[in-house]
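The values are calculated or read from the model by the stated rules, or taken from the named source; none is laboratory data. Worth saying up front: this structure is predicted, and the values here are computed from it rather than measured. Cβ atoms come from the backbone with ideal geometry, glycine included; neighbour counts cover every protein chain shown.
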Amino acid sequence: MKVYDPNKDQKDFTKERRQFPRVNEATTIFYNIKSGRAVLQYGRENYNAIAVDISEGGVGLITAYDLQEHTTIFMRFILFGETSKSIETDGEVKYIVFNIKEKAYRIGVQFIGLAKESKEFIRALVKQKLLFT
């Protein structure tokens, strides 16, 4: 895990390595751990995070919990565009960075097995938001 201190680090900690265009998207994501390691709250099964950006390939999250790279999670969330869509999918944690200032983890999650209609909805949402930025 990398640690980002905005008072010391001059460059952005999220190096661009994405395959698909992404847009800012603030929505609550509910998730469960399917496999892998994570530092979580004992006795809890359901967790939540805030999505900060999304693409048809994955989502960037902010969470209070330390999920390890390669951890598989099951996510549930709702996106709003011209219509709304409830999405349920698995994802794999690809990177994690701890932000000292925010005292939170920035996590990059790649979708695994995202349903075709969900992928198309996200693609349309990204395209719509890119047109208006």
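Restricting the search to strands (runs of 3 or more DSSP E) fully inside the range 24-133 and requiring at least 1 residues that are aromatic (Phe, Trp, Tyr) and at negative phi gives 47-54, 72-80, 84-99, 104-112.
Applying the condition of being at pLDDT 95 or above and loosely packed, with under 15 Cβ neighbours inside 10 Å to the range 79-93 and asking which residue is farthest from GLY58 (Cα to Cα) yields SER86. If we scan the range 125-133, do we find a residue that is touching a residue at least 24 places away in the same chain (Cβ under 8 Å) and over 14 Å from SER55 (Cα atoms)? Yes - at least one qualifying residue is present in the range 125-133. Mind checking whether some residue in the range 108-118 is at pLDDT 95 or above, acidic (Asp, Glu) and out of contact with any Ser or Thr (no Cβ under 6 Å at 6 or more places or on another chain)? Yes: the range 108-118 contains one or more residues that are at pLDDT 95 or above, acidic (Asp, Glu) and out of contact with any Ser or Thr (no Cβ under 6 Å at 6 or more places or on another chain). For ILE73, the conditions (1) free of Cβ contacts under 8 Å to residues at least 24 places away in the same chain; (2) crowded, with 19+ Cβ neighbours inside 10 Å all hold with the exception of (1).
Among the criteria (1) closer than 24 Å to ALA124 by Cα; (2) loosely packed, with under 15 Cβ neighbours inside 10 Å; (3) of a type in the set (Asp, Glu), the one GLU45 does not fulfil is (1).
Would you point out which residue out of ASP90, ASP53 is touching a Gly at 6+ places or on another chain (Cβ under 9 Å) and free of Cβ contacts under 8 Å to residues at least 40 places away in the same chain?
ASP53
Here's the yes/no breakdown for (1) touching a residue at least 60 places away in the same chain (Cβ under 8 Å); (2) among the charged types (D, E, K, R); (3) in contact with a Phe, Trp or Tyr (Cβ under 8 Å, 6 or more places away or on another chain):
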position	(1), (2), (3)
SER84	no, no, no
GLU102	no, yes, no
ARG106	yes, yes, yes
GLN110	no, no, no
LYS116	no, yes, no
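What single numbered condition from (1) surrounded by fewer than 17 Cβ atoms within 10 Å (Cβ to Cβ); (2) among the hydroxyl-bearing types (Ser, Thr, Tyr); (3) modelled with pLDDT under 95 fails to hold for THR28? Just one mismatch for THR28, condition (3).
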